[in-house]
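Single-structure report; data block below.
All of the numbers you see were taken from the coordinates with simple rules; none came from a lab. Just so you know, these numbers come straight off a predicted model, no measurement behind them. Cβ atoms come from the backbone with ideal geometry, glycine included; neighbour counts cover every protein chain shown.
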Amino acid sequence: MEKKTARNFFIWGTVICTAIFIWLTIDTHKTIPERTNTDKLTDEVVAGKRVWHKYNCNGCHTILGIGVYYSPDVTKVYSKRGDIWLKEYLKNPESPDPKRRKMPNQNLSADEITKAIAFLQWVSEIDTNDWPPTPITVAKVTGAPLEETAMILKGKTVYTQNRCDLCHRIGGQGGVIGPDLSKVGTAKVPQWLSQIIKNPISVNPNTQMPAYPHLADDEVQALVSFLSGLK
Amino acid sequence: MTYESQKVAIKFFVISAIFFGLQTLLGLLLIIKYIWPDPIISILPFNTARAIHTNLLVVWMLYGFMGGTYYVIPEEAKTEIYSRKLADLHFWLLLIGGLVGVVGFLFGWTAGRPLLELPVELKWAVVVVALIFIFNVSMTIFRTKKWTAIQGLLLGGIVMLAAMWLFAIPFFKNLTLDYYYWWWVIHLWVEGAWELIAASLMAFILLKITGVERAIVEKWLYIELALVMITGVIGTGHHYYWIGTPEYWLWWGGIFSAMEPLPILLMVIDTLRHVKERKIEIKERLVLYWVVGGAIFHFIGAGVLGVAHTLPVVNRWTHGSQVTTSHGHTAFFGAYAMLILMVVYYALPKLKGLKQFNEARGFWVFWITVLGMALMGVGFGGAGIIQTYLQRILGIEFLTVQEFMKPWFMLVFFAGIGFTVGVVLYIIDVLKIATAKPE
Ligand code: HEM
Ligand code: HEM
Ligand SMILES: [Fe+2]
């Protein structure tokens, strides 16, 4: 090949591929309204996006899998956690566990929290071609039935992971929205406990307690063993 | 060195080296925050430290590219630089802009978009810097109208770099479109514009040290860069799988990006061939190490580790995990950091009129940084594989999985300390050469 041929290869290769890329870009724009529900992209959602930028949340988190890998992806956090949980969480995100990696409290105003949640809700409805993927198998930490103590330990972890402490106190630690659980084991039977965790509305239709439908059965069971032990 | 005005490159190289050092220190801080509880979380939280780490990276690389360009263009165009004053002006503007940016981050002044955290005012300042630089380089070339492929492609890369930057500036209401155009900056930089710049600088140095005919070097440069653009532009689609863009990107992005390693492999082959068919004895042994080492590390970091997670079937599971960090570090280091060090070790002694300088320290820099970065790549990669398996495939909670990744982060930490030593040696070398008296 001559140098001149090589040069033309460069020029035409670049031009043609750029043209295809621009054509794909135009077509992509046409699909955006439906795939991202732009009709629901209200001013409040946009204001929430500005909150997201203002505190550089993306500098610790990924969203749509892009950003920083220091903390959990929040693409679907709205559908996983729900409104009430997020509101409490963003008010006071710092976990009481000293060893756990912390999300520092950024002192968002109540208004900013509402907007940020509106943004996260809109994001959770974007059609991401099913990303993040559903795990192939959900790891059961329990293969054989766990011994009682291991079960309780696991329940305690589930309690921390799901930040039940945002609303409940055990031994004086935690939030005040829900009842103190320090002695819940004396008052309630396990079956009732598992019901209120999985489906609190069935216990009290106006409840503030969020549902935890994503908890696996063994996790609920562990939680219940842990709570029943609180006497 | 033949033209007096080439000397303007010296200060670009010095600042580049110093910012490289600062960036590396911030990297150590980041990995410390990953491993241990964070006592300074309220003074310098992770997001701020990481913004400084990556922005310093971009700034030191821009300084390296600018210095390299100012070294190369006069020799290619056969004339002095159009205006040394303008070069000084944008040198200082970028320095002030960069420092204001870093201090601003510490006070929470941020645009809050990953890698593009610079506030909009400073982003415009960067546009001004780029315009002055492009003007100065173009005027130098127009003076003699001696067009060579090397300087044409170099200028093309710089113009593309500046043009893509414009997409970093607007505020997007829609997060999907935000990221769509975010990649026009990030991806079209590292897999487009920067490749043009880097390959042109590499071609210049190969031409000089091997004495191979210009027509041959430039022909292969065109072919390499043609393939870079053909695969890389549509290859942007490998970032459009899961962000709300249509499913057809899985095909366009997957197929085109899977071919992206080809031009990088070709670069390795061309480099080795030019060296083998050299017409003159290669005196600059250290430069040769960076040339060949850089070509190979570029291929491993960008080509191999890039293609490893570029197909949708893999990326679905690894997207946004430490696998990406492993690739990001090795690719940036192999493709651009090593290239800039090559340019500096080639150009700086010549700019100072040193016929010979002690290359021993430079060899230490080479081996320490290369080994350090290779081990960091392994560390992040190991962490990434564990994360992909436990978190994505088995569905274990994010922070629980991070505990299992700690041994690999420890590897990154220790390799990072080693790497930092190498960078310190490099800074000493640069300062020594830059302040040496001509023979
Ligand atoms: C002591 C050496 C270094 C250490 C320990 C280190 C560590 C880190 C850490 C922990 C992150 C954050 C990852 C995340 O959570 O998103 C990061 C990001 C990054 N670092 Fe470094 N770094 C070092 C040196 C470097 C060097 C020399 C380069 C470039 C040549 C570099 C380029 C980057 C890039 C591009 C990112 C963003 C990566 C991504 O989004 O995947 N780092 N670094
Ligand atoms: C010289 C070149 C390259 C550099 C400096 C580079 C750097 C990076 C960086 C820093 C990221 C992370 C961006 C972020 O989300 O923060 C990234 C992502 C990615 N790169 Fe590269 N890259 C290069 C070449 C390539 C090539 C040639 C391929 C494929 C063949 C590739 C495939 C990918 C993929 C698939 C991702 C997305 C990872 C994810 O889904 O999280 N890269 N690259
Ligand atoms: Fe890319």
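Using θ = phi - 60° and the Karplus form 6.51 cos²θ - 1.76 cosθ + 1.60, what ³J(HN,Hα) does each residue of the range B:112-120 get, whole Hz, x for Gly and Pro?
x, 10, x, 6, 10, 6, 3, x, 4
What FRET efficiency do you get for B:LYS406 and B:LEU44 if R0 is 22 Å and r is their Cβ-Cβ distance, rounded to the nearest 0.05?
Efficiency at R0 = 22 Å is approximately 0.55.
Normalise the Debye intensity by I(0) for the range B:331-435, one equal point scatterer per Cα, no solvent, then take log10 at q = 0.22 Å⁻¹ and round to two decimals.
For the requested q values the scattering log ratios are -1.08.
Toward the positive end of the charge dipole of the range B:36-152, about the Cα centre and with charges on Cβ (Lys, Arg +1; Asp, Glu -1), which of B:PHE46, B:LEU57, B:THR69 goes farthest?
Result: B:THR69, furthest along the dipole toward the positive end.
With a 10 Å radius around each residue's Cβ, average the other Cβ atoms per peptide and rank B:44-51, B:104-111, highest first.
Per-residue mean Cβ counts within 10 Å order the peptides as B:44-51, B:104-111.
With θ taken as phi - 60° and the coefficients 6.51, -1.76 and 1.60, list the Karplus ³J(HN,Hα) couplings across the range B:355-368 in order, rounded to whole Hz; mark glycine and proline as x.
6, 9, 9, 6, 7, 4, 4, x, 5, 4, 4, 4, 5, 5
For the range B:321-439, what relative contact order do you get, as a whole percent, if you take Cα pairs closer than 8 Å and at least 6 residues apart?
41
Viscosity 0.692 mPa s, temperature 37 °C: what is the translational diffusion coefficient of the range B:1-146 from Stokes-Einstein with a Kirkwood Rh over Cα pairs, rounded to a whole number of µm²/s?
The estimated diffusion coefficient comes to 199 µm²/s.
Counting only other chains, and only Cβ atoms inside 10 Å, what mean value do you get across the residues of A:13-26?
Mean partner shielding for this stretch: 5.
With springs connecting C-alpha atoms under 10 Å apart, model chain B as a Gaussian network and identify which of B:GLY384, B:GLY67, B:GLY395 has the largest mean-square fluctuation.
Of the options given, B:GLY395 has the highest mean-square fluctuation.
Would you look at the GNM of chain A, springs on alpha carbons closer than 10 Å, and say which of A:LYS188, A:LYS49, A:LYS30 moves the most?
A:LYS30
Here are some pairs, B:LYS85/B:LYS173; A:LYS40/A:LYS91; A:LYS3/B:LYS350; which of them have Cα atoms lying more than 32 Å apart in this structure?
Long pairs (Cα-Cα over 32 Å): B:LYS85/B:LYS173.
Let's see if you can work this out: charge +1 on each Lys and Arg Cβ, -1 on each Asp and Glu Cβ, no other charges. What is the dipole magnitude of the protein assembly as shown about its Cα centre, in debye to the nearest 20?
Dipole magnitude for the protein assembly as shown comes out near 1280 debye.
Taking 0.36 nm per residue of sequence separation and subtracting the Cα-Cα distance, how much length would be gained by fully extending the chain between A:GLN173 and A:ILE20, in nm to one decimal?
Full-extension gain reported as 49.2 nm.
Determine the relative contact order of the range A:146-219: mean sequence separation of Cα pairs under 8 Å and six or more apart, normalised by residue count, in whole percent.
Relative contact order, the range A:146-219: 18 percent.
So who's got an amide H within less than 5 Å of the one on A:SER71, skipping anything under 5 residues away but keeping other chains? H placed 1.01 Å off N, in plane.
Under 5 Å from the amide H of A:SER71 lie the amide H atoms of A:THR62, each far enough along the sequence or on another chain.
Pop the C-beta distance of B:ALA215 and B:LYS350 into the FRET formula with R0 = 22 Å and round what comes out to the nearest 0.05.
After rounding, the FRET efficiency stands at 0.35.
Would you look at the GNM of chain A, springs on alpha carbons closer than 10 Å, and say which of A:ASN162, A:ASN107, A:ASN206 moves the most?
Looking only at A:ASN162, A:ASN107, A:ASN206, the biggest GNM fluctuation is shown by A:ASN206.
In whole percent, what relative contact order does chain A give with Cα contacts below 8 Å and a gap of six or more residues?
For chain A, the relative contact order is 17 percent.
So if we plug the beta-carbon distance of A:SER202 and B:ALA163 into 1/(1 + (r/R0)^6) with R0 = 51 Å, what FRET efficiency do we get, rounded to 0.05?
The computed FRET efficiency comes out at 0.30.
What residue among A:ILE136, A:MET103, B:GLY334 has its Cα farthest toward the positive end of the dipole of the protein assembly as shown, where the charges are +1 on Lys, Arg and -1 on Asp, Glu, each on the Cβ?
It is B:GLY334, whose Cα lies furthest towards the positive end.
If all Cα-Cα distances of the range B:215-329 are sorted into 10 Å bins from 0 onward, what percent lands in each bin, rounded to whole numbers?
Histogramming the range B:215-329 at 10 Å steps yields 13, 37, 28, 15, 6, 1 percent.
Would you list B:PHE171, B:PHE380 from fewest to most Cβ contacts within 10 Å?
Neighbour counts put them in this order, fewest first: B:PHE171, B:PHE380.
Once you have the Kirkwood Rh of chain A from its Cα pairs, apply Stokes-Einstein at 4 °C and 1.567 mPa s and quote D in µm²/s.
62
Relative to the present Cα-Cα distance, how much length would full extension add between B:GLU397 and B:PHE414 at 0.36 nm per residue of separation?
3.4 nm
Roughly how many debye, to the nearest 20, is the charge dipole of the range A:137-228 about its Cα centre, given +1 on each Lys and Arg Cβ, -1 on each Asp and Glu Cβ, and no other charges?
180
Let me check I've understood the local charge: for B:VAL212, count other residues with C-beta under 12 angstrom from its C-beta, Lys and Arg +1, Asp and Glu -1. What total comes out?
+3
Once phi is turned into θ = phi - 60°, what whole-Hz ³J(HN,Hα) does the Karplus curve with 6.51, -1.76 and 1.60 give for every residue of the range B:303-320, x standing for Gly and Pro?
Residue by residue, the range B:303-320 yields x, 6, 6, x, 5, 4, 10, 8, 7, x, 4, 8, 4, 3, 9, 9, 3, x Hz.
Measuring from the lowest to the highest alpha carbon on each principal axis, how far does the protein assembly as shown reach, largest first, in angstroms?
90, 51, 44
Sequence neighbours fewer than 8 away in the same chain don't count; with that in mind, list the lysines whose C-alpha is under 26 Å from A:LYS188.
List returned: A:LYS154, A:LYS156, A:LYS198, A:LYS231.
Count charges around B:PHE413 for me, please; just the other residues with Cβ under 14 Å from its Cβ, Lys/Arg as +1, Asp/Glu as -1.
So the environment of B:PHE413 carries a net charge of +2.
Under a point-charge model restricted to the Cβ atoms of Lys and Arg (+1) and Asp and Glu (-1), what is the dipole moment magnitude of the range B:59-153 relative to its Cα centre, in debye to the nearest 20?
With Lys and Arg at +1 and Asp and Glu at -1, about 280 debye.
Once you treat every alpha carbon in chain B as an equal point and sum by Debye, what is log10 I(q)/I(0) at q = 0.06, 0.11 Å⁻¹?
Taken in order of the listed q values, log10 I(q)/I(0) reads -0.24, -0.86.
Any idea which of A:PRO210, B:LEU22, B:ILE35 is furthest toward the positive side of the dipole for the protein assembly as shown, if Lys and Arg beta-carbons carry +1 and Asp and Glu beta-carbons -1?
B:LEU22
Please list, by residue number, everything in the range B:327-366 whose backbone N is under 14 Å from a paramagnetic label point 7 Å out along Cα→Cβ of B:ALA436.
Only B:344-363 pass the distance filter.
With each run of n ≥ 4 DSSP H residues scored as -39500 (n - 2.57), what mean residue ellipticity at 222 nm is computed for chain B after dividing by its residue count and rounding to the nearest 500 deg cm²/dmol?
The per-residue figure over chain B is -24500 deg cm²/dmol.
Over 19 Å between Cα atoms, which of A:LYS49/A:LYS87; B:LYS78/B:LYS437; B:LYS78/B:LYS208; B:LYS78/B:LYS146 qualify?
Violating the 19 Å Cα-Cα cut-off are B:LYS78/B:LYS437.
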